[in-house]
Every structure is written in C-alpha cells, then in structure tokens.
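Participant: First the structure, which I've put down as structure tokens, then a few questions once you've had a look.
The values are calculated or read from the model by the stated rules, or taken from the named source; none is laboratory data. Quick caveat: nothing in here was measured; it's all calculated off a predicted structure. For neighbour counting, all protein chains shown are included, and Cβ atoms are generated from backbone atoms with ideal geometry for every residue, glycine included.
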Amino acid sequence: MTSSAMATILADRALAVVRAPEIPDPAALANALAKSGIRVVELTFTTPRVLDHLLAAATSEAVVGVGTVLTADQARSAVDVGAEFLVTPGIRAGVAEVGTDSGIPVIMGALTPTEVLVALDLGAAAVKIFPASAFGPGYFKDLHGPFPDVALIPSGGVNAGNAADFLARGAIAVSAGTDVIPPQAVLSGDWSEIASRAASFVQSLN
C-alpha cells in the first residue's frame, strides 16, 4: 500500500529538501513550497532543533518528513513528533527497522547497484541516489535496466536545468535542494522568493 507521502511524491514528481542553520517559520516555508507545487518537504537533522521545526511545520498544508537520519534513535524521535517519512543519506538498517515498525516510508540513500539492492532488502519505499551529480541523468537509465520497477529519486546537484532529464531517464521524482530553497532566503524569511523558485522548478519538470 502506498503511503500518502509516497503518493504525493509520485504525483508532484518532486520533493523539497531544506538545509538551513535556522528556520524562522517552518509552517510558512512549507506552505510556500506546497502552494507552488512541491507538497512534500524534507527537513533535515543538519538543522538544529529540527524536531521543533517539524512540529511547527506539521500545521502546514505540506507533507513533512525528516532527512539525514543516521540512527534508529533519530528515526524514533522524528516519528514520535509526526514525521510522515524518513530519508537517509546511505544504508541504515536501524532506520529502516524503525520505519517498518512505525509504518512510515523510508527513502534510503544509495549510489551503487549493490547498495540499491540492500536498500530494497531493508524495505525502502524508494531509493535516493546520492550524490546524483556524480554520474548525472544517464546513470538513471543505466539503473533502470536491472531495476525497472524501483522508485529512484536523485538528490544532490538537481536543478531546473536538469530535473526533467532525470525524470526522462527513469527517476520517479527529483529532490529540489538549495537552488530552490537557498539557506539565506530561509534565514531571512523570504517566502515569496522561495515560492517563485519552487514554481519555476515545477514548471521545468514538464
């Protein structure tokens, strides 16, 4: 059964990854992204007080989860405050176990075919290919050969100039990062700037 988070990612073909040293208004940020067409928002453990931000963002119109999850304890704490999905930068069996036990989808980071297989064996709902910029869109066509039914999501180096190419080569969705959500714009609360960037990114997918 597809979770609401995965269903929304599949529908929008994108999710937003927020990396900033502080988020002054998480709900306003999430709403700016959702209203511009990116309804799934990943906050990350690289942001201090991310669990507080997750609680605040839960009041928004977005589907909100947490990324850069490295440990089972982090995963449990995120689920406890309402994370709707978890994202790892690499293979993390403990995080996968928490996701399975909680019924929360885990998007697990991988790069090589072997890592993709391990992620699948651990029950990943989707596999985040990171860093996607290392091999580019063509790599997704290569992976799509042996893994035609695996949900692959590129992260790292994805922008409005190459996002459509990743999708055309087999990705089910793309990660919008600092090109769409500049840390300085987050810090200054420039939600209109972020909304404009998100809208342009969404338009580039077609």
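Participant: Show the residue pairs that are 6+ apart or on different chains and have beta-carbon atoms under 8 Å apart, the first residue being within the stretch 105-118 and farther than 20 Å from K141 by Cα, the second being among the β-branched types (V, I, T) and part of a helix (DSSP H, G or I).
Facilitator: From the stretch 105-118, the pairs are V106/V95; V106/T100.
Participant: T68 - would you say it is touching a strand residue (DSSP E or B) at 6+ places or on another chain (Cβ under 6 Å), without any contact (Cβ under 8 Å) to a residue 60 or more places away in the chain, at negative phi and surrounded by fewer than 21 Cβ atoms within 10 Å (Cβ to Cβ)?
Facilitator: no
Quick grid of which residues meet (1) among the aromatic types (F, W, Y); (2) in a helix (DSSP H, G or I); (3) surrounded by fewer than 24 Cβ atoms within 10 Å (Cβ to Cβ); (4) modelled with pLDDT of 95 or more:
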| residue | (1), (2), (3), (4) |
| --- | --- |
| A7 | no, yes, yes, yes |
| E22 | no, no, yes, yes |
| A27 | no, yes, yes, yes |
| A32 | no, yes, no, yes |
| V64 | no, no, no, yes |
| I91 | no, no, yes, yes |
| V95 | no, yes, no, yes |
| D101 | no, yes, yes, yes |
| I107 | no, no, no, yes |
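Participant: Among (1) surrounded by fewer than 17 Cβ atoms within 10 Å (Cβ to Cβ); (2) within 18 Å of the chain's Cα centre (by Cα); (3) polar (S, T, N, Q), there is one condition N162 misses while meeting the rest; what is its number?
Facilitator: Among (1) surrounded by fewer than 17 Cβ atoms within 10 Å (Cβ to Cβ); (2) within 18 Å of the chain's Cα centre (by Cα); (3) polar (S, T, N, Q), N162 violates only (1).
Participant: Would you mind telling me which numbered condition in (1) within 16 Å of V40 (Cβ to Cβ); (2) among the β-branched types (V, I, T); (3) not in a loop (DSSP other than H, G, I, E, B) V79 fails?
Facilitator: Looking at each condition in turn, V79 falls short on (1).
Participant: If D149 satisfies all but one of (1) assigned to a loop (DSSP other than H, G, I, E, B); (2) in contact (Cβ under 8 Å) with a residue 12 or more places away in the chain, what's the number of the condition it fails?
Facilitator: Checking D149 against (1) assigned to a loop (DSSP other than H, G, I, E, B); (2) in contact (Cβ under 8 Å) with a residue 12 or more places away in the chain, the one that fails is (2).
Participant: Restricting attention to the stretch 110-139, and to residues there that are part of a helix (DSSP H, G or I) and in contact with a strand residue (DSSP E or B) (Cβ under 6 Å, 6 or more places away or on another chain), which single residue is farthest from M6 (Cα to Cα)?
Facilitator: Looking at residues that are part of a helix (DSSP H, G or I) and in contact with a strand residue (DSSP E or B) (Cβ under 6 Å, 6 or more places away or on another chain), I get A132.
Participant: Let me ask you something else. Filter the stretch 152-179 down to residues that are of a type outside the set (F, W, Y) and assigned to a helix (DSSP H, G or I) and give me whichever is nearest to V50 (Cα to Cα).
Facilitator: Once the filter is applied, the top-ranked residue is A163.
Participant: Can you find, within the stretch 180-206, the residue that is farthest from A27 (Cα to Cα) among those that are at pLDDT 95 or above and not in a helix (DSSP H, G or I)? Quick ask: steps written out before the conclusion?
Facilitator: So in the stretch 180-206, the residues at pLDDT 95 or above come out as 180-205.
Then keep just the ones that are not in a helix (DSSP H, G or I); that gives 180-182, 188-190, 205.
Numbers: V180: 17, I181: 14, P182: 17, S188: 15, G189: 11, D190: 13, L205: 25 Å.
Once the filter is applied, the top-ranked residue is L205.
Participant: If you scan the stretch 9-20, which residues turn out to be under 17 Å from L187 (Cα atoms) and either surrounded by fewer than 18 Cβ atoms within 10 Å (Cβ to Cβ) or of a type in the set (F, W, Y) (or both)?
Facilitator: Listed by number, the list holds a single entry, R19.
Participant: If the requirement is being touching an Asp or Glu at 6+ places or on another chain (Cβ under 9 Å) and of a type in the set (V, I, T), which of these qualifies: I107, I9? Give the derivation first.
Facilitator: Working: I9 fails: touching an Asp or Glu at 6+ places or on another chain (Cβ under 9 Å).
Among I107, I9, only I107 is touching an Asp or Glu at 6+ places or on another chain (Cβ under 9 Å) and of a type in the set (V, I, T).
Participant: Ok, one more. I'd like to know if the stretch 53-66 contains one or more residues that are in contact with a Phe, Trp or Tyr (Cβ under 7 Å, 6 or more places away or on another chain) and of a type in the set (A, V, I, L, M, F, W, C). If you could, list the steps in order and put the result at the bottom.
Facilitator: Residues of the stretch 53-66 in contact with a Phe, Trp or Tyr (Cβ under 7 Å, 6 or more places away or on another chain): 65-66.
When the remaining residues are screened for being of a type in the set (A, V, I, L, M, F, W, C), the result is 66.
Yes, the conditions are met somewhere in the stretch 53-66.
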